[in-house]
Each structure stands twice: as structure tokens, then as C-alpha cells.
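Written below as C-alpha cells is the structure these notes are about.
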Amino acid sequence: MARYELVKRSVALITLTNPPVNALSSAVRHAIAKSMEHALNDPKVTAVVIYGENGRFCGGADIREFAGPLRGPPLVPLLDAIEAGEKPVVAAIEGVALGGGFELALVCHYRIAHFKARLGLPEVTLGILPAAGGTQRLPRLIGIPAALELITTGRHISAQEALKLGIVDQVTEQNACEVAVEFALRAVAKPLSSRRVSTLTTPCPPDLDALLEAVTMQVKKKARGAMAPLACVQAVRAAATMPYSKGIKRESELMATLFNSGQARALQYCFFAQRTAGKWTLPSGAQWNNSKPREIRRAAVIGLGTMGRGIVVSLARVGISVIAVESEKKLLETGKQMVIGMLERDAKRQGVSASLNLLKFTLSLQDLKDVDIVIEAVFEDMALKKHVFQELSKVCRPATLLCSNTSGLDVDALAGVTDRPHLVVGMHFFSPAHVMKLLEVVCGPRSSSETIATAMSLGKRMGKVSVAVGNCPGFVGNRMLKPYLDQATFLLEEGATPEQIDKALEDFGFAMGVFRMSDLAGLDVGWRVRKESGLTGPDIDPKNPPRRRQGHRYCPIPDMVCEQGRFGQKTGRGWYMYDSPGGTNAKSDPLIQNLLEMYRSRYGIQPRNISDQEIIERCLFALANEGFRILEDGIAARPEDIDVIYLFGYGFPRHRGGPMFYASMVGLERVLERLEHYHQAHPDVPHLEPSPLLKKLVACGSPPVQNWREHIKTMHSHL
Ligand SMILES: CCCCCCC/C=C/C(=O)SCCNC(=O)CCNC(=O)[C@H](O)C(C)(C)COP(=O)(O)OP(=O)(O)OC[C@H]1O[C@@H](n2cnc3c(N)ncnc32)[C@H](O)[C@@H]1OP(=O)(O)O
């Protein structure tokens, strides 16, 4: 777990050997303690270098160990002893020094970083804080404002930024270990007292209280309801106001409250869920580690609307040449200018020149003969998409992959009109595509494993979190959205307001409540889908009761809002009113209150007081219930995949872990009981009827979310 060797006759080189990231597992901590003891007691040793094997210094504490009882030497006394030692210790940082790994570097008397190294204290993203002295040492080293920013955001910084901040002593383009050994030899004769960071006085700004207050407000606003960022601020306050010996105790107390919290469990679950999602697997046995993706050099994107433009930018950013196609000259020119503007702004931010030479804009599909992949992003209309796919079949070489950015249409129906159904797959980007991290890779029944592997790997290359999902209306994300939206509008009918529902959801942790989110996304899209599905509009049977459609409860309020030309932010009016079309400042609109009152009185609905608890339960349990059905139907392989989709695509609060993890934290028995209760009250809402899988899991004793898969095995898969 750590190799000990003597180099240059007098330098003890301690190399951490715990692949893949040299995490500080109990065995590694034990090995470091033993090696340090050896080095400090061996008279031949005059200095020590700590290094990480395979070009990675250390990825921090072993997160997997957090779930069990603490074994092995605790980190704080181990690190204190390294700092207190009488021989100079130099950290040779390559790759990453994160969390406990960064804290290990902070107790070394000198730090040498390779120019490509990245450093940071990401503990806050795991629901904890840097509790191995990080909150006490970093402010002493770089001052309160910079330390606060790094600790409360968990941001990784480059070696160059670390040098500027005074975190590292030298940045090198050579082998960091070799440079550190030479550095250590030169440090032997120098006094160590000023190099022990815990003994330094924290440089304190005169307006400390105001600064801490401002950062507290900032983190409260950003991570609604998350405890860890607030605890980080308190720990840094201790570094400013207490000696190290007291500050470290405060750090440990704050850590104790966070460590066993549901939020820490949720955030650590998110960390692993994100990595699990990349490990896709099909019933055929094809999976992430046995299916080779194709290399993609040249791509084409059809349609330069909002989605298409974002996809072009995402591809060009990672060096893929892109041919962008539009059907009309004016649309092509507008799209071209917007894409160029986006790439130029990107390049300016990074201080590089925009890679515009990768782009070609055309009106002709004939130009797509030689591309490796086409991503279609035309209007969400099946007939139009089928036409495009037929044309692509004719012009593209037989090996070209054909992908659709549909947000819910049948990918297999598109495959069916081509000459290569095995090379067709859905690539559902989220808007705006160059910003949003989520990509649903929709596997049709005929998509080959190579095609899926290529789409997944292309997503990863573009920096997306790609999740493989099966083919059904709405796939995973949008299919689950329907019961969530339905519950919100049913609650409006029953007496709630958009403001009340949004506030309850925002207090739960969503960045935006459902109505504010709908206003942002545009209300007309859903309206068109409802019209096409025969749920609203002039074609519906007049004999239909107005609040029932296709045999189930239906709420026509969203249609009524659209009928007034209120399509959300873009029209300046939606569920809220805005200062102007495109405005973002949502204000309550008395017209919506009137509309709701008139609606209720027309249908004889007596409004009732609805609690926030009911809002949360009905919206979120209905959401999770559909997630259980998706697992039963084999549309998602694992609950982790669903959670990742909701975290990255729909703003589900990360400290709640995602809808499926949240259900497991509430307790499946409780979720079942509440769904049964609400279904009894609303028997005409099928989404409230508890799914068979939920019942099965409760009958099996509500296993943890990571074990649900064992209970789904027998059900069929669409993946
Ligand atoms: C019990 C009390 C202890 C008190 C100590 C308190 C103070 C210290 C706290 C901490 O240090 S918490 C951990 C802080 N560190 C991090 O948050 C870093 C997490 N890791 C990453 O960000 C990335 O993994 C990486 C290091 C940047 C590497 O990224 P890359 O994309 O190259 O690889 P990944 O696919 O992400 O990871 C590979 C593999 O390694 C697993 N892993 C990564 N880091 C850890 C870790 N710290 N502990 C355990 N496992 C880790 C990761 O899960 C992957 O494995 P699989 O999931 O694919 O099996």
C-alpha cells in the first residue's frame, strides 16, 4: 500500500501504491505511519519525499470506507506527526491531490507540483468537510477569502493557480518525484519551524464577520438546504478565531454532525452512482468493458435550432469536425452566427483561439457522404424525422451511425426507415446542450453494442454524463416527468398556487420549482405533444368530461394558459409574469390567480389548504413510483441510472441523492403507504397506484438501493 525506499543515499521515498487513485484506505494510512516512523528513526535518512504511484499523488480518503466502522490509524494524528517531524518532508504531486490527499500535502513542509496536477478539497461535494486539518491549515496558508472559496465549493485548481495562491512551492514540467528529491536534499539544512502550516497565524481580513456572513448567504442560495457548505464556513471561522489545537477540535465536531447525516450518504451515493452509470450493460452480455466504440472524427448535425447549435458546440469543443445542416438559408445563417459566437466566447474565456476551422455549414445533405456519425436535431415531429432518416440512409456511407436527439419519440421506428437499423441510436441531449451534462443514450431493440458503445463514449468525450436507457415514450427522464407535472397541476385544481408548489419544491432543494422550470423550458412544447396525443384541442370527443381524458383524470389548466398565448419566459407570460419577453424575473400574476379561481368555481371545486408535505409527497412519490415502473419495464438497468438522470438533467437536489435514493431514505414502506393513501383519495390517477416493484421490495424488507437490482433480475429488459 506504500513502498519505502532510500534514494540518493539519504532521502526516504514513500510511494503510495493503492490504485486507481491511491486513496488513503486504512491499509495506506497504516503503511504511511510505519514508513514515516522508519524514516524519522533511521539516522541515514535526512529528508523524506511522499509520492503517488501511476502519476496520481492521492485522491483522498477512501470514500468506500465511510460506510463502515473506522479502522486503522486515524488521519489527523498521523498528519500532525508528519508535520511535527524534524526531517523535511516534500510532497511530489502528480495527477491529483484531492481531499485527504491535499491535506497530506499540506502537512508536508514543501510541495512540488507537476504542471498538469490538480488540487482541491472536494469534501463538501460529498456532504462532509476537510476534516484532516484542511479547514485549519489552508486558511493559515492562503488566507480566509481564498480558503473559503476553495473549501465551500470543492473546486479543483491547477498547479499554476496553486502556485499563485502560495499552496505549492514549485511547479515543474519534469518528473515531480525527481524534482522533489533534489529539492528535499537542498532543504536538509534549513529550519522547519516556518514550514509547519498549523503553527502559522491565520491572516485575517478586517471585515471577517461581514465576509463570513456574505459567504454564508451565498452558499445558502446556491446549495439550498445543503448542510456541508455551512459547516465549512463555521470551520474556517474557527481557523480565524482559535488556535490550531482548538480549531481542529471544532473541525472534528462539525465533521461528526455531517459524517452520519443523510445528506452525506446521499452525496456519496451520487459520487458512485455517476460512475456506475458509465458501466452500461445489455441483456445480451455486451457491456461497457467488452464493446469497443468506433473512433469519431467527423460528425454532422441536422437542424440548427437551440438543441442543434448546442450539439455542434459540444462536438467542436472536443476537436471533432462538424458539418451543420439547415433547410433554409436564413436559418442556416442565423444558426452559423450563433454557433460561432458561442465558440468564440468559449475560447475567449479560456484564452485560446476558437476552433472555427472544424465547422462547415451547408444546406445540402449530400455533403454528409463521409461523416462517421450524424446527429439529427430537427423539430420533434415523427414524420419529419422519418423523412430525414430515409434521406440520410441514401446519402451517408453504409457505416455511418445515425442518431436522433428526440426527447421521447420511438427510436426503433426511426431505425425502421433506414437501411442500417443496427447503427441507429437515440442521443437525447438536454437544453442547452453545450451546458447541460446529461445525455440519455437510447438503445433501440436493434441498436448494436458497437453503436451504443460509440454513443456512450462520444458523450463522455464531450464531457457529458451518459446513461444508457431503453426505448419507450419519453425514455426515462421525460417519462417520469409526466406524473410529476400531473400531480403539480392536480394540486393547482385542488387549491394550491404555482407559487406555493414552487416554494415547497425549492425548499426541498430543487433549483427551480415545477412551474418556474416549465416557464423556462416553454409551455408550448408540452401543449403540442398533448394536442398530438389527442388529449386537448378541437379533435377531442365533445362527450368527454372536461377533466377526464382517455379514461383518466386530466387537468386542462396548462392548455388554458397556452390558449392565452402564455408560453413562459419567451413570451414574457406563463405561470408567472416577466418584465419582458425573455425576462427571467418571475413575479406572481393576478391573472393566473383569477384563472384558477374561475376554473375551480366552474367545476364546483372547493379549494382546500394543501400542506407542503402533501405537495412533496404527491409530486415526488409519483415521480419515484414511475421510476419503479421504469425499472420493472427494463427501461433503466439500475436505480442509480435514474437518479443520475434526475440529478444531471432535471435539477434534483444532489444532497437528496435522486428520486430513487430519496424514496429509499424516506423508507419504501412509508412511500408505499402514502401512495396507497393518495391513490385511494384519487383512484382515477393511475400514477399514484403503487408499482408492483415497490410492493415487492417492501415485501422483501426494503433492501438498500444498491441491492434492488437483484429483485429486478427476473423482469424483462428493453436495454
Ligand atoms: C473516516 C473519517 C475520515 C476522515 C477524513 C476526512 C478528510 C478527508 C476526506 C476525503 O478525502 S473525502 C475524498 C475526497 N476526494 C475526492 O472527492 C476525490 C474523488 N475522486 C475523484 O474526483 C476522481 O475519482 C479523480 C480522483 C479525479 C479521478 O477521476 P477519473 O475520472 O480519472 O476516475 P474515476 O472514474 O472518477 O475513479 C476511478 C475509480 O476510483 C474510485 N475512486 C476515486 N476516488 C476515490 C476515493 N477517494 N475513494 C474511493 N474510491 C475512489 C472511483 O469510484 C472509480 O472506481 P469505480 O467506481 O469505477 O469502481
The lysines whose Cα lies under 20 Å from the Cα of Lys695, excluding any fewer than 8 residues away in the same chain, are Lys713
So the FRET efficiency between Lys190 and Arg71, C-beta based with R0 = 41 Å and rounded to 0.05, is 0.65
With +1 at each Lys and Arg Cβ and -1 at each Asp and Glu Cβ, the charge dipole magnitude of segment 2-259 around its Cα centre, to the nearest 20 debye, comes out at 100 debye
Applied in sequence order to segment 44-55, the curve 6.51 cos²θ - 1.76 cosθ + 1.60 (Karplus, θ = phi - 60°) yields integer Hz couplings, x standing for Gly and Pro, of 5, 7, 10, 7, 10, 10, 10, 9, x, 5, 6, x
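Tell me the Kirkwood hydrodynamic radius of segment 441-543 in angstroms, computed as one over the mean inverse distance between distinct C-alpha pairs.
Numbers: mean 1/r = 0.0602 Å⁻¹.
One decimal place: 16.6 Å for the Kirkwood radius.
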Percent of all alpha-carbon pairs of segment 496-602 at distances over 16 Å, whole number, is 61 percent
Residues of segment 370-385 with backbone N under 13 Å of the label point set 7 Å from the Cα of Arg297 along Cα→Cβ are 370-373
Taking every alpha carbon pair in segment 389-439 and sorting the distances into 10 angstrom bins from 0 up to the bin holding the longest one, the percent per bin comes out as 26, 46, 25, 3
Once the in-chain neighbours fewer than 8 apart are removed, the aspartates and glutamates whose Cα is under 16 Å from Lys246 read Asp80
Once the dipole of segment 331-373 is set up from charges on Cβ (+1 Lys and Arg, -1 Asp and Glu), the residue from the list Leu363, Met338, Val352 lying farthest towards its positive end is Val352
Label model pair Gln680, Lys695: point-to-point distance (7 angstrom along the Cα→beta-carbon line) in nm is 1.5 nm
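Please report the relative contact order for segment 496-602, taking Cα pairs under 8 Å with a sequence separation of at least 6, and give it as a percent rounded to a whole number.
Numbers: 115 pairs, mean separation 22.9, N = 107.
Relative contact order here is 21 percent.
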In the chain the accessible area split gives carbon plus sulfur, as whole percent at 1.4 Å, a share of 54 percent
Here the residues of segment 182-206 lying in the modelled label zone of Gln170, meaning backbone nitrogen under 15 Å from a point 7 Å along Cα-to-Cβ, are 182-190
Rounded to whole angstroms and listed largest first, the alpha-carbon spread of segment 298-469 along its three principal axes comes to 44, 33, 26
Residues whose modelled amide H sits under 5 Å from the amide H of Arg118, counting only those 5 or more places away in sequence or on another chain, are Gly95, Val96, Ala97
Counting sequence-distant residues (5 or more places) and residues on other chains, those with an amide H built under 5 Å from that of Gly574 are Gly568
The alpha-carbon center of segment 332-390 and that of segment 103-174 are separated, in whole Å, by 40 Å
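Considering all alpha-carbon pairs of segment 152-195, what whole percent are spaced by more than 11 angstrom? Please list the in-between numbers first.
Values: 696 of 946 pairs.
When every Cα pair of segment 152-195 is considered, 74 percent fall beyond 11 Å.
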Percent relative contact order for segment 298-469, counting Cα pairs under 8 Å at least six residues apart, stands at 21 percent
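Using the heavy atoms of the protein chains alone and a 1.4 angstrom probe, what is the accessible area of segment 316-387 per residue in square angstrom?
Values: 4060 Å² over 72 residues.
That works out to 56 Å² per residue.
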The orientation-averaged projected area of the Cα convex hull of segment 1-45, in nm², is 2.9 nm²
Simple spin-label estimate for Met217/Asn41, 7 Å along Cα→Cβ, in nm, reads 5.6 nm
Expected field for Thr334, accessible surface area in Å² at 1.4 Å probe radius, rounded to 10, holds 70 Å²
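Within segment 603-674, which chymotrypsin sites (Phe, Trp or Tyr not before Pro) sit in a loop by DSSP and count at most 14 neighbouring Cβ atoms inside 10 Å? It would help to have the intermediate numbers written out before the result.
On the way: sites: Tyr603, Phe621, Phe628, Tyr646, Phe648, Tyr650, Phe661, Tyr662; in loops: Tyr603, Tyr650.
Hits after loop and neighbour filter: Tyr603.
Can you give the extra length, in nm with one decimal, that the chain gains between Ala27 and Thr201 once fully stretched, where that is 0.36 nm per residue apart less the Cα-Cα distance? Present the calculation step by step, with values, prior to reporting the outcome.
Working: separation 174, 0.36 × 174 = 62.64 nm, distance 3.38 nm.
Contour length minus the Cα-Cα distance gives 59.3 nm.
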XL table Lys164/Lys336; Lys330/Lys570; Lys348/Lys587; Lys330/Lys369; Lys221/Lys570; Lys385/Lys570; Cα-Cα > 29 Å flagged, in table order, is Lys164/Lys336; Lys348/Lys587
Helix 144-153: inclination vs the chain longest Cα principal axis, degrees, rounded to 10, gives 50 degrees
The Kirkwood hydrodynamic radius of segment 106-264, taken as the inverse of the mean 1/r over all distinct Cα pairs, in Å, comes to 16.4 Å
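Starting from the Cα gyration tensor of the chain, multiply each eigenvalue by 5, take the square root, and state the resulting semi-axes largest first in whole Å.
Those come to 49, 31, 25 Å.
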Counting as exposed only GluC sites (Glu not before Pro) in DSSP loop states with no more than 15 other Cβ atoms inside 10 Å, the longest exposed-site-free span of the chain is 329-719
Measure of exposure for Arg275: accessible area at 1.4 Å probe, Å² rounded to 10, is 120 Å²
Taking alpha-carbon centroids only, segment 532-587 lies from segment 600-676 a number of Å equal to 23 Å
Here the gain from full extension of Ile340 to Ala210, 0.36 nm per residue of separation minus their alpha-carbon distance, amounts to 42.6 nm
For Lys292, counting only lysines whose alpha-carbon sits under 19 Å away and dropping same-chain residues fewer than eight positions off, the answer is Lys279, Lys460, Lys464
Expressed per residue, the solvent accessible area of segment 496-602 in Å² (1.4 Å probe) is about 49 Å²
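Run lengths n ≥ 4 of DSSP H only: what is the helix-derived mean residue ellipticity at 222 nm for the chain, with -39500 (n - 2.57) per run over all residues, to the nearest 500?
Numbers: 29 runs with 329 residues, N = 719.
After summing the helix terms and dividing by residue count, I get -14000 deg cm²/dmol.
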Simple SL model, points at 7 angstrom along Cα→Cβ for Asn289 and Glu597; separation in nm is 6.4 nm
With R₀ set to 60 angstrom, the calculated FRET efficiency between the beta-carbons of Ser364 and Arg3, to the nearest 0.05, is 0.45
The base-10 log of I(q)/I(0) that the Debye equation returns for segment 422-483 at q = 0.18, 0.19, 0.22, 0.26 Å⁻¹, one scatterer per C-alpha, is -0.60, -0.67, -0.86, -1.09
For segment 629-637, in residue order, the Karplus 3J(HN,Hα) values (coefficients 6.51, -1.76, 1.60; θ = phi - 60°; whole Hz; Gly and Pro = x) are 5, 4, 5, 4, 7, x, 8, 10, 7
Full extension between Val525 and Gln234 adds, at 0.36 nm per residue less the Cα distance, a length in nm of 100.2 nm
The summed charge of the Phe490 Cβ neighbourhood (under 9 Å; Lys/Arg +1, Asp/Glu -1) stands at -1
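Between Ser355 and Arg224, what is the FRET efficiency for a Förster distance of 41 Å, r being their Cβ-Cβ separation, to the nearest 0.05? Please list the in-between numbers first.
Details: r = 37 Å, r/R0 = 0.91.
The pair Ser355/Arg224 has a calculated efficiency of 0.65.
Once you charge only the Cβ atoms, +1 for Lys and Arg and -1 for Asp and Glu, what is the size of the charge dipole of segment 473-609 about its Cα centre, to the nearest 20 debye?
Details: 19 positive and 17 negative charges, 80 e Å.
That gives segment 473-609 a dipole magnitude of about 380 debye.
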Once normalised by the length of the chain, the mean sequence separation of its alpha carbon contacts under 8 Å that are 6 or more apart gives a contact order in percent of 9 percent
Whole-percent tail of the Cα-Cα distance distribution for segment 2-259, cut at 28 Å, equals 28 percent
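According to the square roots a ≥ b ≥ c of the eigenvalues of the Cα gyration tensor, what is the shape class of segment 271-316, taking rounded for a/c under 1.5, prolate for a/b larger than b/c otherwise, and oblate for the remainder? Before the final figure, lay out each step's value.
On the way: a/c = 2.76, a/b = 1.82, b/c = 1.52.
Judged from the Cα gyration tensor, segment 271-316 comes out prolate (a/c at least 1.5, a/b above b/c).
The values are calculated or read from the model by the stated rules, or taken from the named source; none is laboratory data. Keep in mind that what you see is a predicted model, and the values were worked out from it rather than measured. With ideal geometry, Cβ positions are generated from the backbone for all residues, glycine too; neighbour counts draw on all protein chains shown. Side chains included, ligands, DNA and RNA excluded: accessible areas come from the protein's heavy atoms. Shrake-Rupley method; radii C 1.70, N 1.55, O 1.52, S 1.80 Å.
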